[in-house]
Every structure is written in C-alpha cells, then in structure tokens.
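The structure under discussion appears below in the form of structure tokens.
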Amino acid sequence: MTIPVEALIDGLARTLTDAVLPDVTSRFARGQLFAVVDVLRNLRDRLEVKAALHEAEAASATAALERAAAALGRDAAAARIAGALAAAPAGPPAERAAALRAALVTALEAIDALPPEAGGAARAAIAEHLAAQTMRDLAVLKPSLFGEISKG
C-alpha cells in the first residue's frame, strides 16, 4: 500500500537535518542542504497524488471484492464483503481508494475465518489485486540512484 507523500517528505527532511547535516563541513554545502530542506518542507503540503493512481487501485479493488463475494455465494462472509464494498464512497478518488483498502482488510478477516477450501477462490481474488497493486505502485518509481549513492 502507498505511504503518504507527507510522511516521505518528513522523513527526507529529518534524515537530511539529523543524519547528513552534522557531517557536512563546507559552508556552501551546508547552505545547499538547508535550501533543499526548505524546499521539501514547503513542497510537503502542496503535493497531491495523481487521481488516476487512486482510480486504478479502486477499480482493481472493487473487482477483487466483487469476485471474492461472488466466490463465497450466500455465506455470511460474502455479505460482510459486499457490505464493506457498498460502504465505500463513490469519490473523491483518494477517499474511495482508502475506503476500499479498509474493505479489503474486512474481506481478509472474513475469509480468514473460513476453512481453506471454502475461502480459496476469494483469497485468490484478493491476492491477485494485491499483486497487481504492488506492480502499479512500483511502476511509478523512478530508476534508482543506488550506484551513484554507493560511489559517494
């Protein structure tokens, strides 16, 4: 699942000031570092995740929850999953995606109480969504700079 952008930026700023800054001795480099931290702090509350990412996650989660409920037929777990799905708001996209993540947790809890043979198809539907969501989350990442980082 996605880590909030605010938490990522807060972590970056904290790492730069707490771990990097003490080892920077050049006055110019320290000034540059403070400038980066300043930009990060000002950028923090101005960023918004693209709605298309939330919409794709919500569509996938909806389909998975529908398949999971259908696989369980008239079982009480199916009704619990259908209720969690129905409770998700239609929008905005970020709120719908968050509500559907909570519905997935509800579905997994409901399925977990079932014997493996009864919940297998429902588990598979949820697992397919989670695998696809992991790939969607990874697809937006930029190529790593670990090679450059390790060279110093």
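Would you kindly state how much longer the chain becomes between A51 and A79 on full extension, computed as 0.36 nm times their sequence separation minus their alpha carbon distance, in nm to one decimal? Spell out each step's value before the answer.
Working: separation 28, 0.36 × 28 = 10.08 nm, distance 2.94 nm.
Contour length minus Cα-Cα distance gives 7.1 nm.
Distance distribution note for the chain: the fraction of Cα pairs above 27 angstrom is 43%. Put a dot 7 Å past the Cα of A70, heading toward its Cβ, do the same for A131, and the two dots end up 1.9 nm apart.
If R₀ is 35 angstrom, what is the calculated FRET efficiency for the pair D10 and E109, using the beta carbon separation as r and rounding to 0.05?
The value I calculate is 0.70.
Stokes-Einstein diffusion of the stretch 51-139 at 25 °C, 0.890 mPa s viscosity, Kirkwood radius from Cα pairs, rounded to a whole number: 192 µm²/s. Distance distribution P(r), the stretch 75-123, all Cα-Cα pairs, bin width 5 angstrom from 0: 5, 24, 28, 19, 13, 8, 3, 0 percent.
As a ratio to 2.2 N^0.38 Å, the alpha-carbon radius of gyration computed for the stretch 5-47 takes the value 1.16.
A short reminder: the numbers here are calculations on the coordinates, not readings from a lab. All values derive from a computational prediction rather than experimental measurement. Please note: Cβ atoms are built from the backbone with ideal geometry, for glycine as well, and neighbour counts cover all protein chains shown.
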